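Report on the following structure.
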Protein chains: 2
Amino acid sequence: MVPHLVTALNGPLLELEKKILEATPAIERWFRLEWQEHTPPFYCSVDLRNSGFKLAPVDTNLYPGGFNNLAPEMLPLAVQAAMAAVEKYCPDAKNLLLIPERHTRNTFYLQNVARLMQIFRQTGLNVRLGSLSEDIKEPTNLELPDGSILTMEPLERSANGRRLGLAGFDPCTILLNNDLSAGIPSILENLNEQTLLPPLHAGWAVRRKTNHFAAYDEVVKKFAKIVDVDPWMLNPYFAKASQINFHERIGEDLLAAQVDAVLTKIRKKYKEYGIKEKPFVIVKADAGTYGMGIMTVRDASDVKDLNRKQRNKMAVVKEGLEVSDVIIQEGVHTFEQINEAVAEPVVYMMDRYVVGGFYRVHSDRGVDENLNAPGAHFVPLAFAQQHALPDVHAKPGTASPNRFYMYGVVARLALLAASLELEKTDPNPEVY
Amino acid sequence: MVPHLVTALNGPLLELEKKILEATPAIERWFRLEWQEHTPPFYCSVDLRNSGFKLAPVDTNLYPGGFNNLAPEMLPLAVQAAMAAVEKYCPDAKNLLLIPERHTRNTFYLQNVARLMQIFRQTGLNVRLGSLSEDIKEPTNLELPDGSILTMEPLERSANGRRLGLAGFDPCTILLNNDLSAGIPSILENLNEQTLLPPLHAGWAVRRKTNHFAAYDEVVKKFAKIVDVDPWMLNPYFAKASQINFHERIGEDLLAAQVDAVLTKIRKKYKEYGIKEKPFVIVKADAGTYGMGIMTVRDASDVKDLNRKQRNKMAVVKEGLEVSDVIIQEGVHTFEQINEAVAEPVVYMMDRYVVGGFYRVHSDRGVDENLNAPGAHFVPLAFAQQHALPDVHAKPGTASPNRFYMYGVVARLALLAASLELEKTDPNPEVY
């Protein structure tokens, strides 16, 4: 099933789909050459928004959860991709230590962990779970809805302090599924003998969205030439505002000015393309995730009149991290709908390969709202026919595999941007 | 659906399935390490036979046709594997020249060619077809049942004689889907500037089955230690008889002696395991394919009493190649049945990855006969649920994905053997 797109607006994207399908050999070769120069993140998920006139990534997650939402039929693809990744980092790897999020009681999240363990076992790794939580002082069993058991174990440094592992378990590779919003725990520092993936500076303690989208600008500029489209079709404008203090109302004028600048640029593009929608921007914390510290803004004056509740909401994100820098990102309407509910595609990748995806479907939210809000109820809907090859001869907009291929291409642009971003922000480029 | 296995005999294989599933991380790591040392063939298909007490490869094809018989859902896996392969041989490859079999009018075969083109296009290659046939003097269109068109073009050497291509098409990589039974055409020789895959010595003009199975002996000896089984469970005995002339009845005694030697070894094993079946061997040409020059032999005296028709049948294989050397291979009954027809699993691989498979089903043949006879009518039946991960908790013998995983493991043993075989038989190891 191809989700329903508002028909009046889908002209430009049908054209994009057509151009992408026709340029497939050139696109894939381009990616192949880029991955000769740049190392892809170990894994990654990308939230896309499809407005019918624009298709753009709005969030690139380097510690993806939600692998349990992928169609089981896609798992062999994930295993194959994980094999390629493992081989690159640690060809003789035998033991993998997986470090999940600390809030270990969420069964949806635990199912994601179980799925990751299943994938890595199949690539030839013994997988065990180490917890950053101080509550885990001994091996602790957690039951999943299907009755299977996950065992969280306390992390320990080796006697000489140089390695990280569990009791009786010395891993060659340590994989984080924890985005380090709470900062870098000292137990993860100075692990020079083991491969830690993703690297510490990929965590939100260090990472900034504006760095990512600056890298994405570069990537999309090159790509747009290959398929001959306006880069804006694939790229949301953005700006940054620093040293904001929402509690004390410091920096409001700067923020308003940046919001206005981005809105002005969007209006110009809307005029150029005859788009009648109302422009909006999303203001969100430059560091952090999980849909906290996010607001939709349609006019610069809106950010000057925030009430206490709104300011409190913007001031902190996950794990109580204070927000002082924000990104002002062009809002991309989502006009994909499934059963009249707003749908947002999410694409999953391992190494440089697309391994699946699903729609985040939310029946209570509008087309210009964030669908990944805390506590938001969403229905993961695996992409239909994602395990089929594109059909160059199908009429644009009618074939699910073609739509999914286009999403995979754009998601991989964000993946490549993440790779450039991590290179540029690496504190120790020589050991990278 | 798991094809029906004769219940009385399937004990040993259920045990093998269980051992293989439990040892998955060790098995996959072992393969990973082996592929650090050895380069997998570009692509490969392996015919397996499952007797319930034994699971063994009986034929390893380095120029696989039949990609059109794979389930379309498996194609993304093939694309991903092909990406890994292309990247290894020629990372900046742009153009791929595919050289198919000469008998270009067989629409089943042409659909295989179309499928391969579709896969390689998706990996970022422009693909065109060059023909070894002398009848193709200009671009010739061939129509497929679905109405699409394949264009066969005459091969041409570049002006300086150093490269092979088509008019206006200079490939970096040349992929053969032609097993060179007719010998090595001079137009393919001395192509030092381009990557020719598989290498010329993989063709039946040079290749010998006995070399392959000697390499398989080595591989299986190592593997059997990891899963703790008798290597014979996975390995058919074989012997060789050289300088036979079937027309002139030269070498019959040698052949009979070798047949007897192999039958004696099988009988001993059957006794050890209490197997009540009647042992048999397959005598086939040491070079060549396509089910010609093959016979089932249950007693050594049988090969001394061949009538003229039988001798003629054994004396030549595809493309009129004379048979002088034969392999005498332990026959493996096939006790897999689908709707009471005999079924033989075939597994397809690209690079080091399993990308799908199907059952060759033949309703008119016996459990000890070759199912790949010329003109044989077979029904390709894509493995059910092959795009699912194995389930360690399922009862042995009940889960299709587990059966398929076991087949994939054994097929990859043959793949690894092919890699060793090509290394050992390489006439120019320094340029390998």
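The set of residues from the range A:84-101 being away from chain B (no Cβ under 11 Å) and buried (at least 17 other Cβ atoms within 10 Å of the Cβ) comprises A:Ala85, A:Leu97, A:Leu98, A:Ile99, A:Pro100, A:Glu101. When B:Ala159 is tested against the conditions (1) modelled with pLDDT of 95 or more; (2) outside the structural domain of B:Ala411 (by TED's automatic domain parsing); (3) among the aliphatic types (A, V, I, L, M), the lone failure is (1). When each of A:Leu263, A:Leu255 is tested for being over 19 Å from the mean Cα position of the chain (by Cα), buried (at least 21 other Cβ atoms within 10 Å of the Cβ) and more than 20 Å from A:Ser324 (Cβ to Cβ), the lone residue that passes is A:Leu263.
Scanning the range A:172-221 for residues that are touching an Asp or Glu at 6+ places or on another chain (Cβ under 7 Å), polar (S, T, N, Q) and outside the structural domain of A:Ala287 (by TED's automatic domain parsing) gives A:Asn177, A:Asn178, A:Ser181.
Residues are listed down the side, and each one gets a yes or a no for (1) within 14 Å of another protein chain (Cβ to nearest Cβ); (2) within 22 Å of B:Ala417 (Cα to Cα):
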| residue | (1), (2) |
| --- | --- |
| B:Leu14 | no, no |
| B:Ala23 | yes, yes |
| B:Ala26 | yes, yes |
| B:Arg32 | yes, yes |
| B:Phe42 | no, yes |
| B:Arg49 | no, yes |
| B:Gly52 | no, no |
| B:Asp59 | no, yes |
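Among residues of the range B:366-377 being open to solvent by 30 Å² or more (accessible area, probe 1.4 Å) and out of contact with any Ser or Thr (no Cβ under 9 Å at 6 or more places or on another chain), the one that is modelled with the highest pLDDT is B:Pro374. Annotation: B:Phe53 fulfils all but one of (1) in the same structural domain as B:Ala239 (by TED's automatic domain parsing); (2) of a type outside the set (Gly, Ala, Ser); (3) within 17 Å of the chain's Cα centre (by Cα); the unmet one is (3). Each residue in the range B:232-252 was checked for being assigned to a helix (DSSP H, G or I) and either open to solvent by 50 Å² or more (accessible area, probe 1.4 Å) or β-branched (Val, Ile, Thr) (or both), and 0 pass. Among the candidates A:Met152, A:Met117, the residue that is away from chain B (no Cβ under 14 Å), hydrophobic (A, V, I, L, M, F, W, C) and within 28 Å of the chain's Cα centre (by Cα) is uniquely A:Met152.
Quick grid of which residues meet (1) over 18 Å from the mean Cα position of the chain (by Cα); (2) open to solvent by 30 Å² or more (accessible area, probe 1.4 Å); (3) closer than 28 Å to A:Gln118 by Cβ; (4) at pLDDT 95 or above:
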residue	(1), (2), (3), (4)
B:Val2	yes, yes, yes, no
B:Trp30	yes, yes, yes, yes
B:Cys44	no, no, yes, yes
B:Leu62	no, no, no, yes
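Checked against (1) free of Cβ contacts under 8 Å to residues at least 40 places away in the same chain; (2) among the polar types (S, T, N, Q); (3) not assigned by TED's automatic domain parsing to the domain that holds B:Leu175, B:Asn61 passes all but a single condition, namely (1).
Against the definition (under 22 Å from the mean Cα position of the chain (by Cα), in contact (Cβ under 8 Å) with a residue 60 or more places away in the chain, within 17 Å of A:His201 (Cα to Cα) and assigned by TED's automatic domain parsing to the domain that holds A:Pro345), how does A:Leu420 come out, yes or no? Taking the combined requirement at face value, the residue satisfies it.
A quick yes/no check of all residues on (1) outside any helix (DSSP H, G or I); (2) of a type in the set (A, V, I, L, M, F, W, C); (3) touching a residue at least 24 places away in the same chain (Cβ under 8 Å); (4) surrounded by fewer than 18 Cβ atoms within 10 Å (Cβ to Cβ):
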| residue | (1), (2), (3), (4) |
| --- | --- |
| A:Asn141 | yes, no, no, yes |
| A:Pro145 | yes, no, yes, yes |
| A:Thr151 | yes, no, no, yes |
| A:Ala159 | yes, yes, no, yes |
| A:Arg162 | yes, no, yes, yes |
| A:Leu180 | yes, yes, yes, no |
| A:Asn192 | yes, no, yes, yes |
| A:Phe223 | no, yes, yes, no |
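Residue pairs whose Cβ atoms lie under 7 Å apart, separated by 6 or more positions or on different chains, with the first residue in the range B:114-133 and at negative phi and the second among the hydroxyl-bearing types (Ser, Thr, Tyr) and in a loop (DSSP other than H, G, I, E, B), are B:Ala114/B:Ser148; B:Ser131/B:Thr104; B:Ser133/B:Thr104.
Kindly check whether there is at least one residue in the range A:70-88 that is of a type in the set (Asp, Glu) and modelled with pLDDT of 95 or more. No, because not a single residue in the range A:70-88 is of a type in the set (Asp, Glu) and modelled with pLDDT of 95 or more.
The values are calculated or read from the model by the stated rules, or taken from the named source; none is laboratory data. For clarity, every value in this text was computed on a predicted model and none was experimentally measured. Neighbour counts run over all protein chains shown; Cβ positions are idealised from the backbone, glycine included. Just so you know, the surface numbers come from the protein's heavy atoms only, side chains and all, with ligands and any DNA or RNA stripped out. Shrake-Rupley method; radii C 1.70, N 1.55, O 1.52, S 1.80 Å.
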